[in-house]
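This report refers to the structure that appears directly beneath it.
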Amino acid sequence: MNTIEEIKDLAIPLVENGGMFLVDVEIKTGGGQTEVWVYVDAEDRGVSLDECADISSELGIILEAHELFDRKYRLNVSSPGLSRPLVDIRQYRKSEGRVASVKYKSSGEYLKLKGVITGVSDDQVEVTDEDENETLIPFDDIVETKIIPVI
């Protein structure tokens, strides 16, 4: 098992106890420093700074006990934010009604669609473009989905 998978296994119970879910874990190295990024979200609400701090504190203790790193590292716990792509079906459900840009594969080529997420099932997302055309995209074909802020 690699370090990211170990961190996920340790973080999931903490995150779920707070009524949230784990979106992703990244390890970034550079400039002699290692940063561990843990992204969390909730299905029915936003994630507060206090919740992120609590998870960071608890997870930091657990990571130290498991000695996953042999040198100093920095732990960051955050909600994904708009700049990060959607990766979990629960994020798609939470984003129904929002405008998104979806890059996906279809018949061997890459396509990009901008529209409103109008439906989410267990295996696909429905996106309706500005001309009211509905497109069903299987999750397996999605390369990247990002929410577009509407001002």
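The values are calculated or read from the model by the stated rules, or taken from the named source; none is laboratory data. Predicted model, so just to flag it, every value in this text is computed and none were measured. We place every Cβ from the backbone using ideal geometry, glycine too, and count neighbours over all the protein chains shown.
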Does the stretch 85-102 contain any residue that is over 18 Å from Pro149 (Cβ atoms), hydroxyl-bearing (Ser, Thr, Tyr) and out of contact with any helix residue (DSSP H, G or I) (no Cβ under 6 Å at 6 or more places or on another chain)?
no
When the residues of the stretch 24-44 are filtered to those that are over 13 Å from Val77 (Cβ atoms) and part of a strand (DSSP E or B), which remaining residue is modelled with the lowest pLDDT?
Gly30
Scanning the stretch 119-140 for residues that are farther than 23 Å from Asp44 by Cα and part of a strand (DSSP E or B) gives Glu134, Thr135, Leu136, Ile137, Pro138
Pairs returned, first residue in the stretch 1-29 that is farther than 22 Å from Asp44 by Cβ, second residue that is part of a helix (DSSP H, G or I) and among the basic types (Lys, Arg), beta-carbon separation under 7 angstrom, 6 or more apart or interchain, are Val25/Lys8
Filtering the stretch 46-65 down to residues that are assigned to a loop (DSSP other than H, G, I, E, B) and surrounded by fewer than 17 Cβ atoms within 10 Å (Cβ to Cβ) yields Gly46, Ser48
Any residue at all in the stretch 5-23 that is in contact with a Pro (Cβ under 9 Å, 6 or more places away or on another chain) and either modelled with pLDDT of 90 or more or in the same structural domain as Gly119 (by TED's automatic domain parsing) (or both)?
yes
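Keeping to the stretch 128-140, report how many residues are surrounded by 15 or more Cβ atoms within 10 Å (Cβ to Cβ), under 17 Å from Glu109 (Cβ atoms) and not hydroxyl-bearing (Ser, Thr, Tyr).
Residues of the stretch 128-140 that are surrounded by 15 or more Cβ atoms within 10 Å (Cβ to Cβ), as a first pass: 128, 135, 137, 139.
Subsequent filtering for residues that are under 17 Å from Glu109 (Cβ atoms) retains 135, 137.
Pick out the ones that are also not hydroxyl-bearing (Ser, Thr, Tyr) and you get 137.
Residues flagged as surrounded by 15 or more Cβ atoms within 10 Å (Cβ to Cβ), under 17 Å from Glu109 (Cβ atoms) and not hydroxyl-bearing (Ser, Thr, Tyr) within the stretch 128-140 amount to 1.
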Just to be sure, is Leu68 farther than 24 Å from Glu126 by Cβ, in a helix (DSSP H, G or I) and either within 12 Å of the chain's Cα centre (by Cα) or not charged (D, E, K, R) (or both)?
no
Selected residue (criterion: nearest to Gly81 (Cα to Cα)) from residues of the stretch 124-151 that are free of Cβ contacts under 8 Å to residues at least 24 places away in the same chain and out of contact with any strand residue (DSSP E or B) (no Cβ under 6 Å at 6 or more places or on another chain):
Ile151
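Within 20 Å of the chain's Cα centre (by Cα), within 30 Å of Leu14 (Cβ to Cβ) and of a type outside the set (S, T, N, Q): which single residue out of Ile137, Ile148, Ile142 fits that description?
Working: Ile137 fails: within 30 Å of Leu14 (Cβ to Cβ); Ile148 fails: within 30 Å of Leu14 (Cβ to Cβ).
The match here is Ile142.
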Which numbered condition trips up Leu82, out of (1) within 28 Å of Glu130 (Cβ to Cβ); (2) over 16 Å from the mean Cα position of the chain (by Cα); (3) loosely packed, with under 15 Cβ neighbours inside 10 Å; (4) of a type outside the set (Gly, Ala, Ser)?
(2)
Flagged in the stretch 101-118 as out of contact with any Phe, Trp or Tyr (no Cβ under 9 Å at 6 or more places or on another chain) and in a strand (DSSP E or B), in numbering order, are Ser101, Val102, Lys105, Ser106, Glu109, Lys114, Gly115, Val116, Thr118
